[in-house]
Amino acid sequence: ERLHGVYAPASLAVVLELRGLLVKFGQQLSSRPELVPHEYVRAFRSLQSEVPAEPAAAIVALVESELRRPIGELFARFDEQPCGAASIAQAHRARTPDGREVVVKVQLPHAAAHFAADLRGLRA
């Protein structure tokens, strides 16, 4: 048990660093106490709702690049603090120029590459 207490948080740190499919895997493990020691369930439970967000500047740059317009033209307001972050995307509240409140879901910059690499690794 002592070693699980040491390695579970270390494993979580690796999952958060590598992201992608590992976050999804960790989320699943957090809900399966019959498969892994309790320390891992407890550590990985944070992946259900507390995946760290990407920096706002990177998200704004990505939205502007994808939509080929400055964020100020696209939205009257774009909240830099996400209202949710997950393994492959995060969501930001915004207001359109005509006043509608919306949520903008943005795929993380390297999500596709991470998942492709993860899948290649699984096939190996």
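Among helices (runs of 4 or more DSSP H) entirely within the stretch 20-80, having at least 2 residues that are surrounded by 15 or more Cβ atoms within 10 Å (Cβ to Cβ), in contact (Cβ under 8 Å) with a residue 24 or more places away in the chain and β-branched (Val, Ile, Thr) singles out 56-67.
For the stretch 1-19, a residue qualifies if it is exposed (fewer than 11 other Cβ atoms within 10 Å of the Cβ) and not in a helix (DSSP H, G or I), and exactly one does: GLU1. A single entry from GLU50, GLU39, GLU34 fulfils the requirement of being within 14 Å of the chain's Cα centre (by Cα), at negative phi and of a type in the set (D, E, K, R): GLU50. Out of all the residues in the stretch 91-113, which are of a type in the set (D, E, K, R) and open to solvent by less than 90 Å² (accessible area, probe 1.4 Å)? Scanning the stretch 91-113 gives a single hit, ARG95. Being in a loop (DSSP other than H, G, I, E, B), at pLDDT 90 or above and not polar (S, T, N, Q) is true of GLY99.
The values are calculated or read from the model by the stated rules, or taken from the named source; none is laboratory data. Remember, it's a predicted structure, so these values are computed and weren't measured experimentally. Heads up, the Cβs are rebuilt from the backbone with ideal geometry, glycines too, and the neighbour counts pull from every protein chain shown. For the accessible areas, the whole protein counts, side chains as well, though only heavy atoms, and no ligand, DNA or RNA atoms are used. Shrake-Rupley method; radii C 1.70, N 1.55, O 1.52, S 1.80 Å.
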